[in-house]
Amino acid sequence: MGRKAIITGVSHWVPEQVLTNKDLEKMVDTTDEWITTRTGIKERRILGPGKGSSYMGVKAAQRLLKERGISAEELDLIIVATVTPDTMFPNNACRIQHELGAKNAWGFDLNAACSGFIFALSTASQFIESGKHNKVLVVGTDKMSAITDYTDRTTCVLFGDAAACVLLEPGEEEGYGVLDFVNYCDGSGKDYLYLLGGGSLYPASHETVDKKMHYLFQDGKTVFKAAVQMMADVSVEILERNRLTGKDIAYFIPHQANYRIIDAAARRMGVDSDKVVVNIDRYGNTTAATIPMGLSEIYHDGKLKKGDYIVMAAFGAGYTWGSALVRWAI
Ligand code: COA
């Protein structure tokens, strides 16, 4: 067996400001009851003006480095999953590298929307397995409030701001770490979940601002149907090809977009509800941060044991979707 990437640290950070369903009732024509029953969300966090998503990524990473007891200079590579980088360029990886003082690391951003963390974890694990690097930081950070139209009740109730990260290092023991991943994309989904303005196709103009093209758009019903199908399929696929069943899984950590999507995937896998990590009620959909944040919460609650099998799964804009199988090694 070749060398595997194990997760040796995990951390998250959320801003203090809370936006509740009751607050949203005052902003748009909605109710706490509608949001709760249709999505499972009760509140989300908001970063506020003057700070970008890299700020949250730095906070999460600093906590991780402290808990792991290593200096930023030991990092070899920083991969940042985000759809809300501080700027088009330079990328968030450079900003985070600089703020951390990770002088010996290179890095890049990866854009796969809500699947960003799974894609980044898959990518990062290869740099460990190849023997090229020994300490790779994977950050998922999104300031969704920066691209959310708070007059559109169909999207503004869904999203929040957060960052979370993991550290990958080579494992000594066989059969632990990032054991497998299954990732897909299908660009025919591009018409149902997108942010059009500010890229090279629709550069910023008065027209793009007037037409609200700098906000995300979602055809919720179409995306919901695809998400239910694909996230469940890819979660079952990774179990089957590793000869595991839902009963073997200690924790299922799904992307947190809608509680009904999470529940459908867990049922298809045959995972009991007490093994499904859910924090959508407190944070909403934080895009690239949801999965590492779920992992960080159960880790810091002392729930993870060495040898636990964990399945992570996501679906997002693109469409993109994927799953990862991790055996907890610390
Ligand atoms: N408050 C009250 N009513 C609302 C509302 C809100 N915040 N948002 C939408 N509605 C209304 C709609 O206007 C619609 O009214 P109509 O029937 O008079 O047209 C009605 O509620 C039903 O809307 P619909 O879009 O069919 O609801 P839904 O049950 O599909 O739930 C989502 C909407 C967005 C919660 C759901 O579609 C979803 O979660 N989509 C996928 C999200 C996702 O996975 N994204 C991908 C990863 S980021």
Exercise. Might you let me know whether the stretch 27-41 holds any residue that is modelled with pLDDT of 95 or more, within 16 Å of the ligand (Cβ to nearest atom) and touching a Gly at 6+ places or on another chain (Cβ under 7 Å)?
Key: yes
Quiz item: Residue check: is G160 within 28 Å of D281 (Cα to Cα), within 16 Å of the chain's Cα centre (by Cα) and within 14 Å of the ligand (Cβ to nearest atom)?
Solution: yes
Practice problem: Go through the stretch 278-303 and give me each residue that's crowded, with 22+ Cβ neighbours inside 10 Å and more than 13 Å from the ligand (Cβ to nearest atom). | Solution: Y283, P292, M293, G294, L295, S296
Quiz prompt | Subset of the stretch 216-236 [more than 8 Å from the ligand (Cβ to nearest atom) and either more than 27 Å from Y202 (Cβ to Cβ) or without any contact (Cβ under 8 Å) to a residue 12 or more places away in the chain (or both)] | solution = K225, V228, Q229, M230, M231, A232, D233, V234, S235, V236
Quiz item: In the stretch 63-96, what residues are open to solvent by 50 Å² or more (accessible area, probe 1.4 Å), in a helix (DSSP H, G or I) and not charged (D, E, K, R)?
Solution: C94
Quiz item: Which numbered condition trips up A164, out of (1) surrounded by 24 or more Cβ atoms within 10 Å (Cβ to Cβ); (2) assigned to a helix (DSSP H, G or I)?
Solution: (2)
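Okay, residues lined up against (1) at pLDDT 95 or above; (2) of a type in the set (D, E, K, R):
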position: T155; (1), (2): yes, no
position: D161; (1), (2): yes, yes
position: A164; (1), (2): yes, no
position: E169; (1), (2): yes, yes
position: E174; (1), (2): no, yes
position: F181; (1), (2): yes, no
position: Y184; (1), (2): yes, no
Practice problem: Restrict the check to the stretch 97-120 and report whether at least one residue is surrounded by fewer than 20 Cβ atoms within 10 Å (Cβ to Cβ) and under 30 Å from I262 (Cα atoms). | Solution: yes
Quiz prompt | Any chance D149 is assigned to a strand (DSSP E or B), of a type in the set (D, E, K, R) and within 16 Å of the ligand (Cβ to nearest atom) | solution = no
Exercise. Return yes or no: is S125 over 26 Å from I41 (Cβ atoms) and surrounded by fewer than 21 Cβ atoms within 10 Å (Cβ to Cβ)?
Key: no
Quiz item: Given the structure, is K306 of a type in the set (K, R), open to solvent by 10 Å² or more (accessible area, probe 1.4 Å) and within 16 Å of the ligand (Cβ to nearest atom)?
Solution: no
Practice problem: Look at Y259 and say whether it is in contact with a strand residue (DSSP E or B) (Cβ under 8 Å, 6 or more places away or on another chain) and either without any contact (Cβ under 8 Å) to a residue 12 or more places away in the chain or not acidic (D, E) (or both). | Solution: no
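For every residue, the table says whether it meets (1) open to solvent by 50 Å² or more (accessible area, probe 1.4 Å); (2) out of contact with any Leu (no Cβ under 9 Å at 6 or more places or on another chain); (3) of a type in the set (S, T, Y).
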site	(1), (2), (3)
C156	no, no, no
F159	no, no, no
D186	yes, yes, no
Y192	yes, yes, yes
L196	yes, yes, no
G220	no, no, no
A232	no, yes, no
L244	no, no, no
Quiz prompt | Selection status of Y259, open to solvent by 30 Å² or more (accessible area, probe 1.4 Å) and away from the ligand (no atom under 16 Å from the Cβ) | solution = no
Quiz item: Regarding L179, is this residue farther than 30 Å from K212 by Cα and either of a type outside the set (S, T, N, Q) or touching a residue at least 24 places away in the same chain (Cβ under 8 Å) (or both)?
Solution: yes
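The values are calculated or read from the model by the stated rules, or taken from the named source; none is laboratory data. Keep in mind it's a predicted model, so treat the numbers as computed, not measured. Here the Cβ is made from the backbone with ideal geometry for all residues, glycine too, and neighbour counts use every protein chain on show. Just so you know, the surface numbers come from the protein's heavy atoms only, side chains and all, with ligands and any DNA or RNA stripped out. Shrake-Rupley method; radii C 1.70, N 1.55, O 1.52, S 1.80 Å.
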